[in-house]
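Nothing in this text is a laboratory measurement; each read-out follows from the coordinates by a stated rule. Here the structure is a predicted model, which is why all the values come from computation and not from measurement. Here the Cβ positions follow ideal geometry from the backbone for every residue, glycine too, while neighbour counts run over all protein chains shown.
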Amino acid sequence: MEWKKCDSITSTLRDVLHWLPIRQRVDYKLGVLMFNCLHDLAPGYLTTMCHAVSENPGRHNLCSAARQDLLVSPTRTVRYGPHSFAAAGPSTWNYLPTSLRNQQLSVTSFCRHLKTELYCRAYNRPLAHL
């Protein structure tokens, strides 16, 4: 097959290389960083930004506490606040399925499952196809 300079390589990136689109790649990086924070493998200044909903006395009976969600820090700005680690990290973590938030997973197993999950979301494919 001959390639032209202006040909799209999206299908090659998706089907051959299994690369994630940029948005999912950012979510992957945030997910791995959050996993490391929750397992004390990240720097302390990042770990201190991760608080479980169940740790808050007024919220320990909520459904989000049972799902092991993290508190998302409120922001004062609409443009940059949600992009800070204190808001984006916990939001990304809370968006993951509960099977991925299992404390028993190793780092390599978590990374593999996370990439599979994000790949399926990005390309609208069910997990059975991988």
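Some notes on this structure:
- Using θ = phi - 60° in the Karplus curve 6.51 cos²θ - 1.76 cosθ + 1.60, the 3J(HN,Hα) couplings for the stretch 22-34 round to 4, 4, 6, 5, 5, 4, 4, 4, 5, x, 5, 5, 5 Hz; x is entered for Gly and Pro.
- Within the stretch 79-116, the trypsin sites (Lys or Arg not before Pro) that combine a DSSP coil assignment with at most 10 other C-beta atoms in a 10 angstrom radius are ARG79.
- Zero-based 10 Å bins, Cα pair distances in the stretch 21-129, whole percents: 14, 43, 35, 8, 0
- You can think of it this way: the chain between ARG25 and TYR80 has 17.9 nm of extra reach, that is 0.36 nm per residue less the Cα-Cα gap.
- Whole-Hz couplings from phi, Karplus 6.51/-1.76/1.60, listed for the stretch 102-110; x for Gly and Pro: 5, 5, 7, 5, 7, 4, 5, 5, 4
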